[in-house]
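The values are calculated or read from the model by the stated rules, or taken from the named source; none is laboratory data. Keep in mind that what you see is a predicted model, and the values were worked out from it rather than measured. For neighbour counting, all protein chains shown are included, and Cβ atoms are generated from backbone atoms with ideal geometry for every residue, glycine included.
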Amino acid sequence: MEQPLVPTSLGDLSTAFKSAVTTVTNWFGNNLSVLIKILLIIFLAWLFIRILIKVINGFLRRTVRDELHPSKSDREKRLRTLSSITAAVIRCFVWSIAVFMILDTLGINIAPLLASAGILGVALGFGTQSLVKDFVTGIFIIAENQYRVGDFIEVQGVAGNVESISMRTTVLRDIDGSIHNIPNGSIVVSTNRTMGAGYLVVDITVGPDTNLAQAEKIINKVGKDLANLKKMAKIITEPPKFVRVSEFNDKGITLKVSGTVATGKQSEVRGEYLPRLQAVLKKEEIKIVSMVASKYKK
């Protein structure tokens, strides 16, 4: 008759438990020095990463000079982008070395592993072309400062704020709060709506019998009055003003209005300007057919 594979009584169960505890205790006792070395490697790797990241961030703050960027906000965005990339590279490099050191401490010969890794790398090279493309494109995006963490951009039909940039992907959060992970290699055209000067552009269509000189005067005055407000003084660089007549037909006359504001502040200025302009135009009995604000900065 076959013996049961598991303990069938409390005595057997107690014996099995004691045996397991003894085995584990003996292993820890015999390998205490190894465990201490492993814990020391992990701690030193963690400490080295923190120190190295802090040193490099300090170096970046000294090299990314204020005069190279239009504003303090632009400089901070550039610093955050570079810091996130360098931190990721440092962590990957240091932890890789730490893993090999731990394997060596455990008595595992890492030479065959390194050789196997080289062969495997060649074998996988043909299947990772897209990954290499993502990596190379990511380098160019960062080096050319195409966009930074915090910028509002549009890529691959998705618009949103840049949450993070890695060598492989760009992470966007759209206005609904959804997160989009976009491989860098798939990015052909990127539209940055917050880098440099921000442009407020509005198309105002008024009635066909409107006195254009009067309408121009009102548009410019409302823009200047808004720019003189204390809360708008640092936001508006050039007040919204009449630029030209962009369309003339039986339905009305379309007037192009444009102004320059701080990066990323178009929506805030537009929200203040349009209601004020609408109120004055109505007061002066100028018919408003439509007001269309461009979502783009130019």
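Key figures for this structure:
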| read-out | value |
| --- | --- |
| Subset of the stretch 148-173 [surrounded by 13 or more Cβ atoms within 10 Å (Cβ to Cβ) and in a loop (DSSP other than H, G, I, E, B)] | Arg148, Val149, Gly150, Asp151, Gln156, Ser166, Met167, Arg168 |
| Positions within the stretch 236-279 being closer than 13 Å to Thr205 by Cα and touching a Phe, Trp or Tyr at 6+ places or on another chain (Cβ under 7 Å), in sequence order | Leu255, Val257 |
| Qualifying residue in the stretch 235-257 (condition: of a type outside the set (Phe, Trp, Tyr), in a helix (DSSP H, G or I) and at pLDDT below 85) | no |
| Conditions (1) within 13 Å of the chain's Cα centre (by Cα); (2) surrounded by fewer than 17 Cβ atoms within 10 Å (Cβ to Cβ); number of the one not met by Leu229 | (1) |
| Filter result (of a type in the set (Asp, Glu) and in contact with a Gly (Cβ under 7 Å, 6 or more places away or on another chain)) within the stretch 147-190 | Asp174 |
| Selection status of Gly177, free of Cβ contacts under 8 Å to residues at least 60 places away in the same chain, surrounded by fewer than 15 Cβ atoms within 10 Å (Cβ to Cβ) and of a type outside the set (D, E, K, R) | yes |
| Residue in the stretch 234-247 that is touching a residue at least 60 places away in the same chain (Cβ under 8 Å), farther than 29 Å from Ala159 by Cα and either surrounded by 14 or more Cβ atoms within 10 Å (Cβ to Cβ) or of a type in the set (A, V, I, L, M) (or both) present | no |
| Selection count, the stretch 174-209, where residues are closer than 22 Å to Val269 by Cα, under 13 Å from the mean Cα position of the chain (by Cα) and in a strand (DSSP E or B) | 1 |
| Unique residue being at pLDDT below 75 and assigned to a helix (DSSP H, G or I) when the list is Ser33, Ser96, Ser14 | Ser14 |
| Any hit, the stretch 230-245, residues being in contact with a Leu (Cβ under 7 Å, 6 or more places away or on another chain) and not assigned by TED's automatic domain parsing to the domain that holds Gln266 | no |
| Tally of residues being surrounded by fewer than 14 Cβ atoms within 10 Å (Cβ to Cβ), among the acidic types (Asp, Glu) and in contact (Cβ under 8 Å) with a residue 12 or more places away in the chain across the stretch 248-287 | 2 |
| Ser290 vs. criteria more than 27 Å from the chain's Cα centre (by Cα), over 15 Å from Pro239 (Cβ atoms) and either modelled with pLDDT under 85 or surrounded by 13 or more Cβ atoms within 10 Å (Cβ to Cβ) (or both) | yes |
| In the stretch 258-273, the residues that are of a type in the set (Asp, Glu) and at pLDDT below 85 | Glu268 |
